[in-house]
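We did not get these values from a lab; they are worked out from the coordinates using the rules stated. What you see is a predicted model; the values in this text were computed from it and never measured. All Cβ positions, even for glycine, are placed from backbone atoms using ideal geometry, and neighbour counts span all protein chains on display.
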């Protein structure tokens, strides 16, 4: 059974149709990349998958492990195993980082029928994974994302990904705002999590991210539709000639 199955998905914001019939299947162990020009519907797809308010599904379906998630709220989808790394992670003043992380992890554990993790064990686990991502203890003591640089915010999201161990992860333009060193660190964190237990959807505007997180499949999205699919070489084709070859043909 496929992990994620998107069936002829149509979605609108207000009276404007953004997604115009997307079909895509992602299995566990696979990394798929969505590329496309600005305004093509990439971020809309990520938000619709995650259940963000303000986006109306007008047709089609989304299945997670064979079960439709259209009626699930965003938090239900997260507990069921979906994870979204935002293009622009938000700051949460007054919300302590460790409390936030532990609350999220324990919510997932409860959903899986597991016991909650105690504070001391959790601190040990967080510090181990944070060290691998270059996240210092001082960052963990702050409110979520408050005072973080762009690179720190993205590393913090990959830490969440590592701790939550979702079944399906969506990375929405994770490379946005990152310098070369931060991109390398974030990509190494993502690559360390690749396994047969998780499927990933990487959304990006540029090919450079896919030099670090090499996808199994690449899909070109424009005007709310997938125009072409292929392997990693399709990303190189985009880098060489741009999107016009695909959009003009369509």
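General observations
- Share, in percent, of DSSP beta bridges within the range 4-249 that are antiparallel, nearest 5: 55
- Debye-sum result for the range 79-141 in log10 I(q)/I(0), which assumes one identical scatterer on each alpha carbon, at q = 0.15, 0.16, 0.18 Å⁻¹: -0.55, -0.63, -0.80
- Helical content of the chain, expressed as a calculated mean residue ellipticity at 222 nm, amounts to -11500 deg cm²/dmol (DSSP H runs of 4 or more residues, -39,500 (n - 2.57) each, divided by residue number, nearest 500).
- Inter-centroid distance (Cα atoms) of the range 95-173 relative to the range 220-250, Å: 35
- Cβ crowding within 10 Å averaged over residues, with 197-205, 16-24, 64-72 ranked highest first: 197-205, 16-24, 64-72
- Spin-label model, residue 208/residue 107: points 7 Å from Cα along the beta carbon direction are separated by 3.3 nm.
- Size descriptors for the range 4-249 (Cα atoms only): Rg and Dmax, in that order, 17.9, 58 Å.
- Sequence-distant contacts, meaning Cα pairs under 8 Å at least 6 residues apart, place the relative contact order of the range 4-249 at 29 percent.
- Of the residues 56, 157, 121, the one that moves most in a GNM of the chain with alpha-carbon contacts below 10 Å is 121.
- For the range 1-77, convex hull of alpha carbons as volume per residue, Å³: 91
- The range 114-250: projected area of the alpha-carbon convex hull, averaged over directions, in nm²: 10.1
- Using alpha carbons only: equivalent-ellipsoid semi-axes of the range 93-192, gyration tensor based, whole Å: 22, 16, 12
- Potential lengthening between residue 53 and residue 92 on full extension [0.36 nm per residue; Cα-Cα distance subtracted]: 12.2 nm
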